[in-house]
Amino acid sequence: MPLFRRNHRADPPPSGNRVRDPGPSHRAAREETDWRSYDTVADAYARVHAPLTALVAKDLVEVAGVGPGDRVLDVGAGTGVAAQAAAEATGPEGLAVALDPSVPMLAVGAASRPTVRFVAATAIDLPFRDATFTHVLSVFSLSHMTKYDTALFDMLRVLRPGGRMGVVTWAEDEDEFSRAWTSVAEEFAEKEILADARARAMPWSDRFSHPNELKGVLHDAGVRNMVVERRDYHFQMTVEDYLEGREALTTGRFLRQMLGEELWGTLRGRAREVFAERFPDHFNDFRKAILVAGFKPAD
């Protein structure tokens with residue numbers, strides 16, 4: 001049975017210690033650090049996720065037609081892998097800016113990407129003048145934006161007429177590795193709690209995992225003449241890298257704050273036990289991504 005139910009009552013954990021409702025004041029103290037933020041996992045994200053994201057980001061830069069001398073804004077950039085790919089395409093005469101609300105993520109990126117400019121800000125009320133950029137990119141960030149329509153309005157505001165917007169999201173997909181991780185998570189929290197946490201952190205991930213839905217949202221925002229591609233990606237992973245990557249994502253960050261360090265350690269141990277039983281130390285992870293690029297109509 002899960003350790004935590006929707007009413008936060010607890011069943012005995014595997015260790016035999018009983019977990020009790022921590023009470024409103026303790027829960028409030030934990031909420032002071034927003035688990036939805038990537039601030040606390042910047043190093044792990046950079047080590048595990050950034051190299052994988054970089055492969056997809058490079059393709060988006062190509063599909064969006066970024067070239068020498070262009071000015072590119074990467075919104076929700078994380079550690080700036082898409083901005084780095086854009087910087088390589090624009091050359092020294094161009095400009096690549098990585099924008100993200102997480103200062104730790106930007107700091108990790110800035111330490112290794114000297115050709116990229118990093119800006120701490122949200123996707124709403126972008127700190128740039130109208131028509132500043134030839135390209136605006138969003139790499140796996142649009143699904144995190146609660147008011148995605150407002151964010152897209154501002155992203156188009158800073159895009160030049162005739163400029164191009166490029167967006168990439170993960171396609172709807174589930175495999176044996178994600179199912180194994182979910183099964184462990186559900187030993188510690190009910191499925192409804194985990195679904196609620198995912199909806200709070202990534203409210204549009206399900207909707208934007210469908211090409212027609214994503215294209216429709218961008219069309220409503222004003223993007224035209226769109227190219228839509230669905231591409232397959234193959235990642236070679238170790239079990240430890242996969243689990244560390246999962247721990248840095250939504251469910252992991254949520255459970256770590258919800259459970260506290262002792263039970264979080266128990267969950268981590270359980271996950272490694274399950275994966276050691278079911279999978280080899282190295283395996284192939286296959287993912288599908290949706291890449292969309294279109295124009296902002298010229299005046």
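Worth a mention:
- The one condition in (1) out of contact with any Leu (no Cβ under 8 Å at 6 or more places or on another chain); (2) surrounded by 21 or more Cβ atoms within 10 Å (Cβ to Cβ) that Lys296 fails to fulfil: (1)
- Subset of the stretch 49-73 (residues that are in a strand (DSSP E or B) and of a type in the set (Lys, Arg)): Arg71
Every residue, every condition in (1) modelled with pLDDT of 95 or more; (2) within 20 Å of Phe177 (Cα to Cα); (3) not hydroxyl-bearing (Ser, Thr, Tyr), yes or no:
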site: Val217; (1), (2), (3): yes, no, yes
site: Ala221; (1), (2), (3): yes, no, yes
site: Asn225; (1), (2), (3): yes, no, yes
site: Phe235; (1), (2), (3): no, yes, yes
site: Tyr242; (1), (2), (3): yes, yes, no
site: Phe254; (1), (2), (3): yes, yes, yes
site: Leu259; (1), (2), (3): yes, no, yes
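- Yes/no for Asp299 being more than 14 Å from Ala185 (Cβ to Cβ), in contact (Cβ under 8 Å) with a residue 12 or more places away in the chain and not in a strand (DSSP E or B): yes
- Some residue of the stretch 165-182 being at pLDDT 95 or above, out of contact with any strand residue (DSSP E or B) (no Cβ under 7 Å at 6 or more places or on another chain) and crowded, with 16+ Cβ neighbours inside 10 Å: yes
- The one condition in (1) out of contact with any Phe, Trp or Tyr (no Cβ under 7 Å at 6 or more places or on another chain); (2) within 20 Å of Ala121 (Cβ to Cβ) that Gly78 fails to fulfil: (1)
- Scanning the stretch 74-88 for residues that are surrounded by 20 or more Cβ atoms within 10 Å (Cβ to Cβ) and either aromatic (Phe, Trp, Tyr) or outside any loop (DSSP other than H, G, I, E, B) (or both) gives Asp74, Val75, Val81, Ala82, Ala83, Gln84, Ala85, Ala86, Ala87.
- Test for Leu106: is it under 27 Å from Ala248 (Cβ atoms) and not in a helix (DSSP H, G or I): no
- Only a single criterion out of (1) farther than 23 Å from Thr150 by Cβ; (2) under 15 Å from the mean Cα position of the chain (by Cα) is not satisfied by Ala123, namely (1).
- Selection within the stretch 156-178 - touching a Leu at 6+ places or on another chain (Cβ under 7 Å), farther than 15 Å from Ala96 by Cα and among the aliphatic types (A, V, I, L, M): Val167, Val168
The values are calculated or read from the model by the stated rules, or taken from the named source; none is laboratory data. Note that the coordinates shown come from a computational prediction; the quantities given were computed from them, not determined experimentally. Here Cβ is always computed from backbone atoms with ideal geometry, including for glycine, and neighbour counts include all displayed protein chains.
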